[in-house]
Each structure stands twice: as structure tokens, then as C-alpha cells.
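This report concerns only the one structure given below.
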Amino acid sequence: MTVRTQAVPDLGAKTPLPALEPLLFELARPGRHGRHVRSPETADIPAAFRRTTPLGLPELTEPQVVRHYTHLAQLNYAVDTGMYPLGSCTMKYNPKVNDRVAGLFADIHPRQSYRTTQGVLALAYELEQLLAKISGMDFVSLQPQAGAQSELTALLVFKAYHAKRGEAGQRRRIIVPDSAHGTNPASAAMCGYRVTTVKSDARGNVDLDALKAALGPDVAGFMLTNPNTIGLFEERVREVCAAVHDVGGLVYGDGANMNALLGIARPGDLGFDCVHINVHKTFSTPHGAGGPGAGPLCVKAPLRPFLPKPWIVREADGSYHYDTAREDREPDAVGESIGTIKQRLGNFGVLVRAYTYMRTLGEEGLVETARDAILAANYLLALLREAYDVAYDRSCMHEFVLSARRQKQQGVSALDVAKALIDEGFHPPTVYFPLIVPEALMIEPTETETKETLDAFAAAMLRIAERARTDPASVHDAPTKAPLRRLDEVAAARKPVLRWKRPS
């Protein structure tokens, strides 16, 4: 086997590793080409826009290109090849029937007339009804294409709601817990709000006294994840919502962790005014590499006039169309919408997968999904609580947070534990989040993993904890079995190599 040497900063030496897949430019040879079509010289392209210099693309045969990308794919870790215990992300298996159904809509143009896409609108309308029922809300917008965009949409709706009441200038502040996703304060700042952070109490809940002290007539809303990012159900959630409502504020629910609530609790019944649902987490289509995503926003009736338009309307005869004005039915709603967030139905393929997932499982299946996810998380927590510190030692929901503080004292960080898991054949969990837990390891097994897989993951974590105690240097060296060894991440961030240069 040919080998390529790679500098390993931790070892200070060069270690032989299996050869990496060459770049396309390294594989290329002049004169090679695959099957291609040449554009005629008479192509209807204005002279000013015609290319006069070659593209400089690598010259390869078709088999070379196919094999190159296949080899790269074989180096990837994927949810189809193994467990993804990413806390706060819900990276569970995506049933292939969902992809097949989504493929039925692949050829529909996003600007196609509603007259020829009645099936599309029917599916979307039914999905809105299902999400409203699951969340305990009254109306749904499918436009936001991700959770963060849905946060932004919700806060724009809040701003429009307060403006309608003549309080836009007064309500200038958003409150978030210290355990919130980082996108929460970012979305608030993008909307022009000032952000106030409130601490968590000793049990991992929002500190109610701290929240009440932060509330006032200038508060537009409170952003709360439930279950929160520590994997715990807010024990006083109704009191939290009531306190915000008492000062005229609104409560936004970050639905990133909705996988734990399906059929068990509805945000609308707990006091939330709106909630977004990451259907690419809760209802399959695991996300990655920045997409794809979809984050429908579910709201109570008072916020409905401000939702993005166009809305989908079902007529008495069963037909569907987009309604942008609704002057004949709701004259007060005209002009109150915040406008269009994403054209039409956003990432429709993701919505189709979510709809298929719901219809496949049915109500009982969705409840079982949440219960199994909670059971799996608590099972893993029970297996690992003696080897690692537990951030908040109480029953968790669908995820839990360990701390590698004990291992850190032995010379092994949470990052070292994560790297060692790669050698064990597992994707690492989320590390160093939430920020309020030192050396955090945030683990979400989801409901789709078998007991055997959970046992194997726990055994790997226990082996790493034992190595940290007896041979910490071996953990620092990890991963040793991956195509790439430990990288110098600081150097990579400060001096990134973004362009390949032909060797001289």
C-alpha cells in the first residue's frame, strides 16, 4: 500500500497513514475526457458574454470522476452507516420511503401555477393541520426553511403584533435563558432587539426569580426551548409563560427538541404563543452540511394575521389556492403580514418527508417515537453516570449532558473523548455545548438505535474513561484509525489552505 506522511502536532513526528484520495487535479492528464456535448459555434450567446479563455478544469475520464466521488463518499460517516449521538440535533435514521415519496415531486417547478399543483397544496395544507394539532397551536406557516429562519420569522411576527397594539417603540427587549441555542440571541439582535440573559437554577430550569427580575414593560418576548438544551423538561414552564404574559410579552418556543414531546405535551397547552418545529429533525431528513432544512412556524390565533404570505386556502369544493389578500373575509388582516420569508413552500422535499413520516407512523407511532427516545437517553445516562459527571442529576428527556470535568483533571478534555470515539467507530456527540456546563458532552441517542447499539456506545465511552484514568496520552493521540489524524485546528483556522497549487 502506498502511504502519505502527515504531520501530527500532538506527536511531533511524521506517521505513515493510508493514502488519501488524490485531488481531481492530481488525477488529471491532458487530453482525457468523458462523454460530453460540444456547444455549436452559433449558440445564441451575446458576444460580450462568450468565454474566450478555457475553464481550466481537470481533464478526466468519466470512470475517474465517478470513482473519485465514490471513494470520498466511502470516507464519510453517515446516519446510514452508524449512530449519530449529536445532542440538540436529533440525527435519527431517515426511512427510505420518505425519499421515494419526496421524489414524486422532484420535477415540479417552484413557480408552477396552483391550478396544476393541487396535490402539492393539498399535502401542504394537511401538513399544516397536522403540525397545528401536534404543537397545540392554531395556524402554521411552512415558509421558513430552517429553525433559525423560523426564529427570525417569529420575532418579526412579535414585532408586528406589538406594532399593531401601538407598542413597537416600547417593546425593545428579548429575554433568553443562559442555556439557549446561540441562534436565539442572534435572531433577536437581527430584529433590532436588545438581549437579556437569565440564569438557570440548580435543577437546570429557568431561574424564575431571575426571570421575574428581568421582566418589564419593555420586554417584547421570551425565547424558551422545552425540553431545554440540557435535555430537561422545564418543571415550572406554565409559571414562566404566565410571568411573561403578565408584563404583556409573548413566549416563543424553540422546537429543536420537539422529538421528546410528540403526543406527550403540546407547547400550545403549556402557555407558548408560538413554536417552530425543525421537521428535518423531529420528522426525519437528518440535516447536515448546512441543509436541507425546514422550520414551520406554528402560532396561536392572535398572531395569525402577521404570518408570512401567501397562505394556502382550501375552498368548500375541496380546491386549493394561494390567498395573499383575503379582503373578502378578513379585511383587518390586509397589510399586517410580515411579508414573504421564503417563496411559496420553502424546502418542499423536506416537508414531504415529514408528512410521509407522520402518515406512516400515525398518532400512536409518533407517541412511541418520543417515549422510545426518552427511554434510550435515560438508559444511556444510567450506564454512564458513574464514569462521567452529570450536569444536572435528574431524569432527562430525549438527551442529556455529561461533563468531562473528572477526565479534565486527569489530563483528558471533552474534545479528546470525542476524538477517541472516532477510533471506537462512533460519531462524537456535541461537545462544549451548552456553554453553562464545563467540558460538556451532549448526547442524544434518538429512538432509532437498538439496545445493542446503545450498549456498544456506552461500552466505548466507558473504555475511554478508563483510558483517561490509566493512560491519558493514548487518548490525546486519537484518532489513530481515521483517514486523518489529529489536526492542528488552531493553525487550520488561522492559516486555512483554500486553494490547490500545482507542485512546481
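The values are calculated or read from the model by the stated rules, or taken from the named source; none is laboratory data. What you see is a predicted model, and the numbers here were worked out from it, not measured in a lab. Quick reminder, even Gly has a Cβ in these numbers, built from the backbone with ideal geometry, and neighbours come from all protein chains shown. Note: areas computed on protein heavy atoms with side chains; ligands, DNA, RNA excluded. Shrake-Rupley method; radii C 1.70, N 1.55, O 1.52, S 1.80 Å.
What the table shows:
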quantity	calculated
Some residue of the range 67-75 being surrounded by 10 or more Cβ atoms within 10 Å (Cβ to Cβ), under 30 Å from residue 377 (Cβ atoms) and modelled with pLDDT under 90	yes
Selection from the range 274-303 of residues that are assigned to a loop (DSSP other than H, G, I, E, B), within 26 Å of residue 164 (Cα to Cα) and touching a helix residue (DSSP H, G or I) at 6+ places or on another chain (Cβ under 6 Å)	295, 296
Sole exception among (1) modelled with pLDDT under 95; (2) surrounded by fewer than 21 Cβ atoms within 10 Å (Cβ to Cβ) for residue 147, by number	(2)
Residue 273 being out of contact with any strand residue (DSSP E or B) (no Cβ under 9 Å at 6 or more places or on another chain) and farther than 26 Å from residue 376 by Cα	no
Number of the exception - residue 383 against (1) more than 23 Å from the chain's Cα centre (by Cα); (2) within 30 Å of residue 235 (Cβ to Cβ); (3) assigned to a loop (DSSP other than H, G, I, E, B); (4) touching a residue at least 60 places away in the same chain (Cβ under 8 Å)	(3)
Filter result for residue 308 (under 18 Å from residue 161 (Cα atoms), at pLDDT 70 or above, under 32 Å from the mean Cα position of the chain (by Cα) and assigned to a helix (DSSP H, G or I))	no
Those residues of the range 459-493 which are surrounded by fewer than 16 Cβ atoms within 10 Å (Cβ to Cβ), charged (D, E, K, R) and closer than 15 Å to residue 420 by Cα, in sequence order	463, 466, 469, 471, 481
Residue in the range 311-338 that is surrounded by the fewest Cβ atoms within 10 Å (Cβ to Cβ), counting only those that are of a type outside the set (D, E, K, R), more than 14 Å from residue 142 (Cβ to Cβ) and modelled with pLDDT under 90	335
Of all residues making up the range 76-92, the number that are open to solvent by 50 Å² or more (accessible area, probe 1.4 Å) and touching a Pro at 6+ places or on another chain (Cβ under 8 Å)	0
Residue under evaluation residue 281, criteria (1) within 30 Å of residue 429 (Cβ to Cβ); (2) open to solvent by 30 Å² or more (accessible area, probe 1.4 Å); (3) basic (Lys, Arg), criterion not met	(2)
Total residues in the range 432-447, condition part of a loop (DSSP other than H, G, I, E, B) and either touching a Leu at 6+ places or on another chain (Cβ under 6 Å) or open to solvent by less than 50 Å² (accessible area, probe 1.4 Å) (or both)	8
Condition broken by residue 433, with the remaining ones in (1) under 17 Å from the mean Cα position of the chain (by Cα); (2) farther than 13 Å from residue 402 by Cα; (3) modelled with pLDDT under 95 satisfied	(2)
Checklist (1) farther than 27 Å from residue 446 by Cα; (2) open to solvent by 10 Å² or more (accessible area, probe 1.4 Å) applied to residue 303, failing item	(2)
Hits in the range 157-191 - residues which are of a type outside the set (Val, Ile, Thr), in a strand (DSSP E or B) and buried (at least 24 other Cβ atoms within 10 Å of the Cβ)	177
Top-ranked residue in the range 419-431 [being within 18 Å of residue 377 (Cβ to Cβ) and out of contact with any Asp or Glu (no Cβ under 9 Å at 6 or more places or on another chain); ranked as most open to solvent (accessible area, probe 1.4 Å)]	427
Meets criteria (more than 30 Å from residue 205 (Cβ to Cβ) and open to solvent by 50 Å² or more (accessible area, probe 1.4 Å)) for residue 496	yes
Residues satisfying the stated conditions in the range 388-413, i.e. touching a helix residue (DSSP H, G or I) at 6+ places or on another chain (Cβ under 9 Å) and open to solvent by less than 20 Å² (accessible area, probe 1.4 Å)	388, 396, 398, 399, 400, 402, 403, 404, 407, 412, 413
Filter result for residue 117 (surrounded by 12 or more Cβ atoms within 10 Å (Cβ to Cβ), free of Cβ contacts under 8 Å to residues at least 24 places away in the same chain, over 18 Å from the mean Cα position of the chain (by Cα) and over 18 Å from residue 292 (Cα atoms))	yes
Only listed residue being surrounded by fewer than 16 Cβ atoms within 10 Å (Cβ to Cβ), among the acidic types (Asp, Glu) and out of contact with any His (no Cβ under 9 Å at 6 or more places or on another chain), chosen from 207, 138	138
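Each row is one residue, and each column tells you yes or no for (1) within 30 Å of residue 284 (Cβ to Cβ); (2) β-branched (Val, Ile, Thr); (3) at pLDDT 95 or above; (4) part of a helix (DSSP H, G or I).
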position	(1), (2), (3), (4)
195	no, yes, yes, no
210	no, no, yes, yes
213	no, no, yes, yes
229	yes, yes, no, no
232	yes, no, yes, no
238	no, no, yes, yes
241	yes, no, yes, yes
251	yes, yes, yes, no
